[in-house]
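Following: one structure in structure tokens, then a few remarks.
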Amino acid sequence: MGYNTFHTEGDMEVEVEVEEADQSASSGMAKQAVVENVALANALVKDGGYSWTSPSSLKLYPIIMLITLNTAMNGYDGSLMSSMNAMPAFHDYFNVGKQGPATGLLFAIYTVGQLIGSLFAAPAADRLGRRFGMCSGAFFIVIGTIIQATSKDIGQFMGGRFLIGFGVTVGCTSGPIYVVEVSPPSMRGLFGGLYYSFGYCAGALVASWTCYGTGKMLGDWSWRIPVIIQAFPAAIISCTVWLLPESPRWQIANGQREKARSFFVEYHGNGNEDSAIVNLQMEEIERETNYDKELANNRWWDYRPLFSTRDRCFRMYLLILVGVFNKFVGGAVISYYLPVILDNIGIKSANEQLLINALNVVFSSVASVFGCFYVDKFGRRNLYLWGALLTGLCYIPMNVIAALAEGHVAKGTGYAFVAFIYLYGIFFSCCWMPLQTLYPAEILPNDIRAQGFAFQELMNGLASFINTYATPIALQRIGWRTYTIFLVLHFIYLGMLWWSIVETKGRSLEELEEIFSDPHPVKKSLEKHKIVLATGQGVKRKPSSNVNDDGFGNGGLNPRSKEYLEKHKIVQAT
């Protein structure tokens, strides 16, 4: 037997049908739980939960794996250039050194392509679909790889790198958005984390070990072969992405409601047309889409909607914080300029440098995949904070050893430096890498998700250009003091993360609107609610609660304000 009760949703009270807690609660059929989103918990329990081995899950896995090739292309390039920077044949062919302005420009031209690509990434994803964005990005990467692999001079090589940077940005804007939009809410953290971590690390592993093998060859094929391999994941994406279903959120935004519902039924509801989780997502997305259409100006070049409200300005600040600021805490230095760092501490053998780089990628890859399985357990906020603290602590001994190295330290001390580089990579990969694209995609609302992601890519490109161009110059001119700068920035960054990071674990994408609309979004995001769950029946009130305390607290069914709901006369119930 059930009853109707009211609980607060943002600025209003919402009527929800709640079943009386019966004897099943004491017999073990029902259990108490602490959740972030009552509505989502209610839907999942009614459907019997979301199983890893359900038909819907098994259909989603190959889709997610294929999409990870987008970020594999990015990971491949990062490790490729670091490895090639240790190859004498590469430097001899193009007559460039390992550090200095010329090397900085050679690396940084990739980020110039990213900057230009960010201007086209959002309209490609929003107007023509997420699949088109991924396909077009892959196409430019294939063309850029051909130009780069056949280079006869440094200008041609840089032209190829520009096109690759352009294509990676276009593809890597649509890719993570697609993964987040097709993932079930309860598995979004895992899928979103694996998209970046597994994909990036797979690309980096292939690049580093390919270069380790070809680095022993004589002549320019030692670097041309690794460059050619970069085209393969892009070619696979461009040929197969059209076999995948389009994002249901993009379909709803473009008037294809039935196609979107069919997607949710097949990939989230195990074929059940009456699935509670399917109905909940459809209601939330349609409500959000109706609201977004009122705000939309349909001008792809107009980025003012990103800053149109207080909460959207805060979201943009978070994008810059997690996307741009972490470029200035030293990770990019290790990624691109590890051979230079090793030179400076006395490890000068090209073969030894390639091996150290390859092993670094192995350790980081294992750590990043491990971290993906804890994104939904520990939460995004905890991973960001622990990541900043632990990587910052690694920079302290690195800074000391680098300072001593100018006085020519023993080789054993140099290997101690390498050990801390490995530790840095492990902590960075475990805590931050799973969140690289997941968190930005989560905190952006549907109507500006692609545009916001493109804006972040633009800012990332600017930060990366500064980093990749200035770092070799800094290493050449101020030496170990470069690490001191990164050390100080680490702990400034930790403080900023502590005050700003909103927790997104356990929320639907649409429900996060309520969190960001709150005057204190960080505090609001950390709220949890005690409820009683009964499989197949949904949420039951707490056995000890009275009529005025139904156990729901400030749950998250409706992401919109009271004014919006009253204006559109929306009545919400489960």
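For the stretch 48-56, check the following and say yes or no: at least one residue is at pLDDT 90 or above, surrounded by fewer than 24 Cβ atoms within 10 Å (Cβ to Cβ) and in a helix (DSSP H, G or I). No. Whenever a residue of the stretch 306-330 is at positive phi, its partners that are aromatic (Phe, Trp, Tyr), lying with C-beta atoms within less than 8 angstrom and at least six residues away or across chains, give the pairs Gly330/Tyr395; Gly330/Tyr424; Gly330/Tyr483; Gly330/Phe486. Restricting attention to the stretch 231-267, which residues are touching a Ser or Thr at 6+ places or on another chain (Cβ under 8 Å) and without any contact (Cβ under 8 Å) to a residue 40 or more places away in the chain? The answer is Ile252, Phe264, Val265. In the stretch 455-514, the qualifying residues are those that are outside any helix (DSSP H, G or I) and β-branched (Val, Ile, Thr), and the one that is surrounded by the fewest Cβ atoms within 10 Å (Cβ to Cβ) is Ile478.
Condition check for Arg449 on (1) touching a Ser or Thr at 6+ places or on another chain (Cβ under 8 Å); (2) touching a residue at least 60 places away in the same chain (Cβ under 8 Å): one failure, at (1).
Okay, residues lined up against (1) buried (at least 24 other Cβ atoms within 10 Å of the Cβ); (2) closer than 30 Å to Phe516 by Cα; (3) in contact with a strand residue (DSSP E or B) (Cβ under 6 Å, 6 or more places away or on another chain):
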residue: Leu385; (1), (2), (3): no, yes, no
residue: Val400; (1), (2), (3): no, no, no
residue: Thr413; (1), (2), (3): no, no, no
residue: Ala419; (1), (2), (3): no, no, no
residue: Leu423; (1), (2), (3): no, no, no
residue: Ala441; (1), (2), (3): yes, yes, no
residue: Gly452; (1), (2), (3): yes, yes, no
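The values are calculated or read from the model by the stated rules, or taken from the named source; none is laboratory data. Keep in mind the model is a prediction, meaning the values are calculated, not measured. Don't worry about glycine lacking a Cβ; one is built from the backbone with ideal geometry, like all the others, and counts go over all protein chains shown.
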